[in-house]
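Right, one structure below, let's go through it.
No lab work stands behind these numbers, since they all come straight from the coordinates. All figures in this text were calculated on a predicted structure; none of them were measured in a lab. Positions of Cβ are backbone-derived with ideal geometry, glycine not excepted, and every protein chain shown enters the neighbour counts.
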Amino acid sequence: MEQATKCTCCCSDDPGELLGRIARLAAEYKGREGSLIQVLHLAQGIYGYLPLEVQKVVADGLDLPLSEVSGVVSFYSFF
């Protein structure tokens, strides 16, 4: 059986590191109008999906209520 290779360039399996990347990303977009959906797309690309812990990081980073972030995630089918 062939063994799968793991990307070593920038990928990480450490959830803490991934959440840190998302937090830094969200902070970069803080204050930009209409950035929530874009940040959620990028966060989904980093983490793979958008569990509550990722939504909290995005909400904190963008200084938005968690309810607003969760509402967008649950409304749009592509998340």
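Put +1 on the Cβ of every Lys and Arg and -1 on every Asp and Glu Cβ in the stretch 11-79; which of Leu52, Ser77, Leu18 then has its Cα farthest towards the positive end of the dipole?
Comparing the listed Cα positions along the dipole, Ser77 ranks first.
What are the residues whose amide H is under 5 Å from the amide H of Leu50, where those residues sit 5 or more places off or on another chain and H is modelled from the backbone?
Residues meeting the amide H criterion: none.
Taking amide H atoms as placed 1.01 Å from N in the peptide plane, list the residues 5 or more away in sequence, or in a different chain, whose amide H sits under 5 Å from that of Leu64.
Hits under the 5 Å cutoff: none.
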